[in-house]
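See below for the structure under consideration.
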Amino acid sequence: MNQETPGADPYRLPRHIVPVRYDLRLEPDLTAAAFQGHETVTLSVLEPTTSILLNAADLIIERAQLEGPHGQRLDGAIELEEPLERCRLTLPIGITPGSWRLHLSFRGTLTDKLRGFYRSTYTDPSGKVKILAATQFEATDARRGFPCWDEPDFKATFSVTLVVEPSMAAVSNGRVESETLEEGKKVVRFADTIVMSTYLVAFVVGHIEPTPPTFVGKTPIRIWCVPGKQELASFGQDVATASLKFFEEYYGIPYPGDKLDLLAIPDFAAGAMENLGAITFRETALLVDQRNGTHGELERVADVVAHENAHMWFGDLVTMSWWNGLWLNEAFATFMEMLAVDTWKPQWKRWETFCISRAAALSVDGLLSTRPVEYPVRAPKDADAMFDVLTYEKGASVLRMLEQHIGPDLFRNGVRDYLRRHAYGNADTNDLWVALGDAANFSVPAMMNGWIFQPGYPLITAELTAETTLTLKQERFAYLPTDSRSSATPPSSWHVPIQLRVLSQDKNETVRMLLTGQDAHVTLASAPKSVLVNEGGHGFYRVRYGPVLRAKLLAAGIARLAATERFNLINDSWATTVAGLTSLADYLDLTAGFSDDRDKNVWAILIDSFAFLNRLIEPNQRPALQAFVRQRVQPAFSAVGWTTKPGEDDLIRQLRGELVAAMGRLGNDPAAQTRAAELYETAKQDPTAVDPNLLPALVSILAFTGDAARYDEFAERFRTAKTPQEERRYLFSLTAFRQSELLGKTLERTLNGQIRLQDAPAIVSAVMGNVYGKELGWEFVKTHWDRMDREFPKQGLRRMCGGITALATPALEADVSAFFSSRKIDLGGKTLEQYLEQLRITVRFREQHASRLQEYLVAHTAGGGSS
Ligand SMILES: [Zn+2]
């Protein structure tokens, strides 16, 4: 007999009973917000037992009967263990090993919590409020839809039947096998799935409509959405088709499903979910107006669609064994999304724009409260905090660094081998390292373990220590001084792939090396004119040049550097300034050298650093900062101008929008504000008269300068928006006004049902991020915390709290700390610690630099500006 071991892990089910197949029939009643279900789970019983343990949560299990190999039937006594989200079935007699069938009848509620089997509402073209039902099961909410063995390595086949109103459509993972009418209901039977994990099962039911299919081989690809939005589906369908084809070729394995449906769900907590064959999305991540969308909006759809498609193999066909492996799923899909989009639209230079994502990861990973990419996970909820920039963006960055180090072809061969070895099964990080290492004949763990299992990353200091000797040193980068107590432990070090570009005479030479120790001395062939560290910019580290090298690099000319290299130069300089390793004056001087730059990513960092200063200065310093911003932005702004030029690429159009927004808001430039208002009126008369990439900047400037009438206008445009992107733009514009009473109205909308729960937390966060709304936003959070904690999706609540990083005064910082500690609030993992540390960094910077900043600004701008 199998008895559970005392002290057994409460989060893992015993392994002596393994589900092989689920025959699942569900009947949702959308109006009553309830569903009924029956399932038969075919079990492989490996040891004699008297009880069966499986997962269930928020379900009422009405009946459980076990059917034996010889037709014998045993009723199980049902006992729900609510806190552990488990159900225990006790059998009247012991059962022997073999194949058994478990019949279960159950019912549940369609909640509004955006997880499990839930309801989403929308207004149809005739103005009627309609309901649809959808699922979100990752990580562990399949147990809220049907009783199951809800762990990723209990893979099984799913045969799903949905019973729905005849006018409704039903979608699940497999293709529709039959549709019949029974007792006035439509019964839709879906084909068996491949062997897969429970978290990938999906059902969507409602008045949704598909596009006609496109095909990759025999696989039909369709986009589904609520009525009236079909015309926004073509772009998503194009990228879905192109990326599915790309992945079949890259992976060398056919798509594992029998059809591919991509569904836009009006209420959706995450961006999208990679259910095999039935991928669900929030609307902004799938539906977009191909002609009138901005570059950023189109890129977002392309990214998310490609990301989810990449998961069909990496995640769905081969799945992590347990949630500690989540990072590999997500990092890999993020890496593949770049590769696919870059191949599809080379003119978008996706690997160049990826530097923004890498920078975001470097920023969080520079905190003392960062975490390793992979860490042990006991309870599945410990993995909730894994859905962050370290998993996705750092993970993808270090995979890119590895790919560039061993070479793209060998890397791809290793990935193919990994997928073939583990298809229909589960695997761990080390399995991928083994496959990549075999392909490249290189010890992958020796290099990668430091980047994955150790927090942080190195700062590489480079200096010429003799005429032809380059000295490189590595130490962990951190914004705040490291704890002196940690000096007892050996310093962290990494195996750092370093690529140098050495300019001597007028010849460039590339030097590649792996820095494994604390430092290295590189002997150069001759005295260099300049040396660039991190050529190509793929390395996940920062570089600081000693005075000699820095002078040489600047003398050789920034314009000689590739866009990503210029990006790294300014980004690393800004980070070392915030960390107190570079003087603020040096940094601000350096920014003058980028006036000829036309790279939107470089400008994003410049503008971000000015916005950071704007958050921490006193109101009376603001005119001086505004004058400084105008001075820095003006040359590029004048060159790019207001209007699109023939043959101009998408990236310049996007840059124009960012420069205009910077002039109009951070620069508070009256001329830019007046012109923005004129152009906005023109666009209202004729939407094609203004480049779509300019429109977000115009809207944000008009909110910044706007009054109550403008607020009402934008609120109305939010309510009546024609596309998800337009809806989002006008929604967020309501956070960009300066008057407290208007921002207060926006905050109220987050709780009165006027803003969807999927968006409300981000709106609260954006108000805190508005220099003029920080106190108001923070008071609102404190006042309504209990309600937000109850009603907002967990993931959203966590992101909302990210807004506290903008509360950059010592008094607010103290209040924030006191609030979170007195309430004992846990945002999961190290999330809260990270937010508080980011706030500390900003407040500390303010304490150290506020007075010197004022002197610098006054000295470098004519009289501090008057506007
Ligand atoms: Zn993903």
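Summary table below
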read-out: Ranked order, E330, E658 - accessible area, probe 1.4 Å, largest first; value: E658, E330
read-out: FRET E, pair E847, A8, Förster distance 51 Å, beta-carbon r, rounded to 0.05; value: 0.50
read-out: Gained length - R823 relative to S126, 0.36 nm times residue gap less alpha-carbon distance; value: 246.3 nm
read-out: Cut-off under 5 Å, modelled amide H: who pairs with N508 long-range; value: none
read-out: Between 0 and 90°, nearest 10: helix 600-616 axis offset from the chain longest Cα axis; value: 80 degrees
read-out: Farthest positive-ward along the chain dipole, Cα basis, beta-carbon charges - from I701, L30, L515; value: I701
read-out: Accessible-area value, L80, 1.4 Å probe, nucleic acids and ligands omitted, Å²; value: 70 Å²
read-out: FRET efficiency, 1/(1 + (r/R0)^6) with R0 35 Å, evaluated for E179 and S44 via beta carbons; value: 0.65
read-out: Model label zone, D192; criterion: amide N under 20 Å from point 7 Å along Cα-to-beta-carbon; scope the range 248-265; value: 254-260
read-out: Point-to-point label distance, F442-E741, nm (Cα→Cβ direction, 7 Å offset); value: 6.4 nm
read-out: Global form of the range 706-769, assessed from the alpha-carbon gyration tensor, a/c cut-off 1.5; value: oblate
read-out: Mean accessible surface per residue for the chain, computed with a 1.4 Å probe while every protein chain stays in place, in Å²; value: 38 Å²
read-out: The chain, relative contact order [Cα under 8 Å, separation at least 6], %; value: 8 percent
read-out: The range 499-535 and the range 699-773: distance between their alpha carbon centers, rounded to Å; value: 51 Å
read-out: Table column - 3J(HN,Hα) (Hz), the range 116-128, Karplus curve with 6.51, -1.76, 1.60, x for Gly and Pro; value: x, 9, 9, 9, 10, 10, 7, 9, 7, x, 8, x, 7
read-out: Dipole magnitude of the range 69-201 about its Cα centre (Cβ charges: Lys, Arg +1; Asp, Glu -1), debye to nearest 20; value: 220 debye
read-out: Magnitude of the charge dipole, the chain, Cβ model with Lys/Arg +1 and Asp/Glu -1, debye to 20; value: 1020 debye
read-out: Amide H contacts under 5 Å for V373, placed H, 5+ residues apart; value: Q454
read-out: Percent accessible area from carbon and sulfur atoms, the chain, protein chains only, probe 1.4 Å; value: 51 percent
read-out: Separation of the A360 and D112 label points, Cα + 7 Å toward Cβ, nm; value: 2.9 nm
read-out: Gain upon complete extension [T674, H207; 0.36 nm per residue less C-alpha separation]; value: 163.6 nm
read-out: Solvent-accessible area of H207 with every protein chain in place, 1.4 Å probe, in Å² to the nearest 10; value: 50 Å²
read-out: Total formal charge among the other residues, if their Cβ is under 14 angstrom from that of V216, Lys/Arg +1 and Asp/Glu -1; value: -1
read-out: Placed amide H near Q290: partners under 5 Å, 5+ positions off or other chain; value: F235
read-out: Between helix 740-749 and the chain: long-axis angle, C-alpha atoms, 0 to 90°, nearest 10; value: 20 degrees
read-out: Rounded to 5, percent antiparallel among DSSP beta bridges of the range 204-305; value: 45 percent
read-out: ³J(HN,Hα) computed for each position of the range 301-315 - Karplus, 6.51 cos²θ - 1.76 cosθ + 1.60, integer Hz, glycine/proline x; value: 4, 4, 4, 5, 4, 5, 4, 5, 4, 4, 5, 4, 9, 8, x
read-out: In sequence order, calculated HN-Hα J values of the range 151-159 (Karplus, 6.51, -1.76, 1.60; Hz; x Gly/Pro); value: 10, x, 8, 8, 7, 8, 8, 10, 10
read-out: Computed [θ] at 222 nm, helices only, for the chain once each DSSP H run of length n ≥ 4 contributes -39500 (n - 2.57); value: -12500 deg cm²/dmol
read-out: Extended-chain gain in nm, criterion 0.36 nm per residue less alpha-carbon gap, N620 and D596; value: 5.6 nm
read-out: Summed side-chain charge close to L114 - residues other than L114 whose Cβ falls under 11 Å, Lys, Arg +1, Asp, Glu -1; value: +2
read-out: Sites K345 and F215, calculated FRET efficiency, Cβ-Cβ separation with R0 25 Å, nearest 0.05; value: 0.70
read-out: Degrees, to the nearest 10: 760-769 long Cα axis against longest axis of the chain; value: 20 degrees
read-out: Label-point gap, in nm, between A721 and T643 - each point 7 angstrom along Cα→Cβ; value: 3.0 nm
read-out: Selected from V160, F235, L80, residue furthest toward positive end of dipole (the chain; charges at beta carbon); value: F235
read-out: Links that overshoot a 28 Å alpha carbon limit, given the list K259/K349; K130/K155; K113/K218; K186/K229; K113/K830; value: K259/K349; K130/K155; K113/K218
read-out: Given charges at Cβ of Lys, Arg, Asp, Glu: the chain dipole, positive-most of T805, L328, N752; value: T805
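The values are calculated or read from the model by the stated rules, or taken from the named source; none is laboratory data. Predicted model, so just to flag it, every value in this text is computed and none were measured. With ideal geometry, Cβ positions are generated from the backbone for all residues, glycine too; neighbour counts draw on all protein chains shown. Quick note on the areas: whole protein, heavy atoms, side chains included, nothing else; ligands and nucleic acids left out. Shrake-Rupley method; radii C 1.70, N 1.55, O 1.52, S 1.80 Å.
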